[in-house]
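Notes follow once the structure below has been shown.
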Amino acid sequence: MTRTPSICQLIMLLTFYGSTVMAQAPDPKQPVTRDIGSRRELFVDRFLIDRLENATLKLHEPRLAPAMSEPADNLEYGTVIKDGDLFRLYTRDARGSKFDGDTTEVTRYCESRDGIHWTKPKLGLVEIDGSKDNNVILHEAPYCHNFSPFLDQRPDVPSEERFKALGGTVKSGLVAFISADGIHWKKLRPEPVVTYTKEYAFDSQNVSFWSEAESCYVCYFRHFLDKKLRSVCRTTSADFVTWSEPVQLKPNFPGEHIYTTLTHPYFRAPHIYIATPTRFHPERGESTDILFMTTRGGNPYDRTFREAFIRPGLDPDRWGNRSNYAALNIVPTSPTEMSIYTTPFRRFTLRTDGFASVHVGADVGELMTQPLRFTGKQLVINYSTSAGGSLRVEVLDGSGQPIPDFTLTDSRNLVGDTIEQQVQWKKGSDVSSLAGQPVRLRFVMQEADLFAIQFRE
């Protein structure tokens, strides 16, 4: 492993060293001013929250969608990439392998225009069982065991490196691959870019991406915590070749195995990384379920939500080992819907931004944000109410006093369900006079969920 004393690495080490995995609730006596600019902020953690009264943070349950056309026998260590109007799917086909990284394993490729109806293009690239009439893009041990590609969003990335991937096992280390089209791949260099030491285990899906928020490449890979619990490490790189010394993230609760974290930037708020790891229960017949975690840049994983995100369900076959793996990346499949793909090949859906919300039931409740600074002219929210519910917004100054023309009595009562709703007061929606100064937002709600907020021009 080559060490790089980069700014990104130093920030990562300072952030993670000695940190806790528990959600960090701000001290109300010392409010933190959040500079959010025009970023979209989701209520997947307590980052914006100062106080909740008769309100809770609620994790929402993904809904199983109708069956799709079947592109593969399994989605184990799968990846879904939305590339413009095209969905690209990469899967491992074990083909009777006897061990991780066996020579029988191949990587297959499928396509879709809607994320629902899939095709297996006959690529003619790799001969399998005497024929090239197949959709195999890679047949090289041991990299097909966990080949995990991504679309490189770095602004100046060369066209021939538009796609990148990592693959490999404990013995080989992680080898970097590049591609111009996501189909034809070659090694960036013969040697591994992330190498093995006794604590690390690369046998599951090791994910990487370009981080817009951190201006570097980030890789999350598996290791054994305290030599017994499956867990995750993080390393960074400026060039995808030289990587920093890994840092153990330790998101596990006592006795908990965290497997295949699948950490990736959320497509509508890339400064927030979403993770859908498999939780492994070796003492319960090796059963599995899928969790939900988040992290912001180099910060520790937030474990606000400890319960399962996706349960095994009614099907007895889903209560065994390797039965509940999510594919890398949650992708939009309509303006109001995003999709999560899981083994064997199923699709779950959530409303856009709808991982979690500030939730208020039949009795009126409130959310008070931390002081924040924003840029823009309008406040747009993603929210839902019942027919009898409501939501109103008040803006307060840095000292906590309601600002004239933006008080609760000035706020237009919102009733409905929409992904992007402009907030209005009696004199309109223009909040540009408040931009750049510390303000708080007070949401008064009844039978309502608030999923996300954003200030816009």
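Rounded, prolate or oblate, given the Cα gyration tensor of segment 122-205, with a/c below 1.5 counting as rounded? It comes out oblate by the Cα gyration axes.
To the nearest ten degrees, helix 7-16 and the longest principal axis of the Cα atoms of the chain are 70 degrees apart.
The label-point distance for Ser159 and Glu70, in a model that sets each label 7 Å from Cα toward Cβ, rounds to 4.0 nm. Inter-part distance, segment 56-120 to segment 266-314, computed on C-alpha centroids, equals 18 Å. Applying 1/(1 + (r/R0)^6) with r as the Cβ-Cβ distance of Val415 and Lys171 and R0 = 56 angstrom yields a FRET efficiency of 0.40. Overall, the anisotropy analysis places segment 284-357 in the oblate class: the square-rooted eigenvalues a ≥ b ≥ c of its C-alpha gyration tensor yield a/c not less than 1.5, with a/b not exceeding b/c.
Structure note, pairs Lys171/Lys227; Lys82/Lys227; Lys120/Lys164; Lys82/Lys122; Lys186/Lys228: Cα-Cα distances above 27 angstrom occur for Lys82/Lys227; Lys186/Lys228. Between amide H atoms placed 1.01 Å from N, distances below 5 Å from Ile290 occur with Arg279, Phe309, Ile310, all of them 5 or more places distant or on a separate chain. Full extension of the segment from Ala387 to Lys132, taken as 0.36 nm per residue of separation minus the current Cα-Cα distance, would add 86.1 nm. Measuring r between the beta carbons of Glu283 and Lys187 and using R0 = 30 Å, the FRET efficiency lands at 0.15. With both labels modelled 7 Å from their Cα along Cα-to-Cβ, the Gln424 to Asp226 distance reads 5.7 nm. Taken as Cα centroids, segment 211-230 and segment 400-442 sit 40 Å apart, rounded to the nearest whole angstrom. Backbone phi angles across segment 445-457, fed through the Karplus curve with coefficients 6.51, -1.76 and 1.60 (θ = phi - 60°), yield HN-Hα couplings of 9, 8, 6, 8, 10, 10, 9, 7, 9, 7, 9, 9, 6 Hz in residue order; Gly and Pro are listed as x.
Per residue of the chain, the DSSP helices (runs of n ≥ 4 H) give a summed -39500 (n - 2.57) that works out to -500 deg cm²/dmol at 222 nm. Shape summary: segment 138-258 maps onto an equivalent ellipsoid whose semi-axes, from the alpha-carbon gyration tensor, are 25, 17, 12 Å in decreasing order. With R₀ set to 45 Å, the beta-carbon distance separating Thr103 from Ser334 gives a calculated FRET efficiency near 0.65. Shape analysis of the chain places it in the prolate category; the axes a ≥ b ≥ c from the Cα gyration tensor give an a/c of at least 1.5, with a/b above b/c.
Throughout, read-outs are computed from the coordinates displayed, never taken from laboratory work. Only a predicted model underlies this, so the values are computations on that prediction, with no experimental measurement involved. Every residue, glycine as well, gets a Cβ built from its backbone with ideal geometry; the counts of neighbours run over all protein chains shown.
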